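Structure first, then comments.
The values are calculated or read from the model by the stated rules, or taken from the named source; none is laboratory data. Predicted model only: the values in this text are computed from it and were never measured. Quick reminder, even Gly has a Cβ in these numbers, built from the backbone with ideal geometry, and neighbours come from all protein chains shown. All accessible areas refer to the heavy atoms of the entire protein, side chains included, with ligands and DNA or RNA removed. Shrake-Rupley method; radii C 1.70, N 1.55, O 1.52, S 1.80 Å.
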Amino acid sequence: VEKMDKLTNAILELSRLGRRTLKLEPVDPNQLVRRILDTFQHQISARGIQVKLLPLPPVTADLLSLEQVFSNVLDNAIKYLDPARPGEITIGANRSHRLTTFWVKDNGRGIADADQLKIFEIYRRGAGHADIPGEGMGMAYVRTTLRRLGGMIWCQSIPGTGSIFYFTISNTLEKELQHD
C-alpha cells in the first residue's frame, strides 16, 4: 500500500509539472549548480567524489524547472557511481544560436544500450540497479520538464565505464511562448 501511494503521488507530481506556469528569467547556471552541489556536499565528501564544474553560459529559463533538472541528473550521477573506484563528475555546456546543451559526465556504473531509452519512461530504471533507492520517476520528470523548456535529454553510456547525460533548453523560449 505504501509503495502504491508513492507511485500514485509520483504520477500526480508528473501531471502537475505539465501544468505549472513557467516564469522565465535570466539564470546563471554556475550559481545554480554550485547551490545544488552544496546540498549534495555530504555525499560528495563522504564518497570522495571529485566534481569539476566548467563555465556554464547564462540562459533564460524557469529557475525552478532548471533546478529540478540539474538536481535529478546530479543526484543520479552521485547515486550510480561505482563504489569500487573514486567517483568523478564533470558538468559543462555548449551554446549555439537556438539551444544550450548542458552535460553531466560521470565514471559510474554505466547503462546498457537496451536501457538507455527506457530510463526516461515512468517507473523504469536501468537493469541491475535494485540496490539504488528510487521509484524510477526522476528521469521522467526531467524529460517532461525539458520538453516544456523547448529541450530534450539523452545519454551515452558504457556499462562499467560511465555515462554522459546531455540535455538542451531553447535559447528562444520567450519568443516561442509568446506565439503559443
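Tabulated results
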read-out	value
Cα→Cβ-extended label distance, 7 Å offset, between Ala84 and Gln43, nm	2.2 nm
Distant-in-sequence amide H partners of Met152 (H built 1.01 Å from N, under 5 Å)	Thr168
Whole-Hz ³J(HN,Hα) from phi, Karplus 6.51 cos²θ - 1.76 cosθ + 1.60, for segment 106-119, glycine and proline x	9, 10, x, 5, x, 10, 4, 3, 5, 9, 5, 8, 4, 5
Segment 46-56 - phi-based ³J(HN,Hα) in whole Hz, Karplus 6.51/-1.76/1.60, Gly and Pro as x	4, 9, x, 7, 8, 10, 10, 9, 7, x, 10
Interchain or long-range residues, amide H under 5 Å from Gly87's placed H	Gln50
Pair Thr60, Ala112: separation of 7 Å Cα→Cβ label points (nm)	4.5 nm
Calculated FRET efficiency for the pair Thr161/Asp28, C-beta based, R₀ 41 Å, to 0.05	0.80
5 angstrom amide H check on Leu56, placed H, neighbours 5+ away	Asn30
Per-residue SASA entry for Asp28, accessible area with 1.4 Å probe, Å² rounded to 10	60 Å²
Shape call, segment 41-130: gyration tensor on alpha carbons, a/c limit 1.5	oblate
In Å², nearest 10: area of Arg143 left accessible to a 1.4 Å probe	70 Å²
Backbone HN-Hα couplings from phi across segment 65-78 [Karplus 6.51/-1.76/1.60, Hz, Gly and Pro as x]	4, 5, 5, 4, 5, 4, 4, 5, 5, 5, 4, 5, 4, 6
Leu54 accessible area, assembled protein chains, probe 1.4 Å, Å²	50 Å²
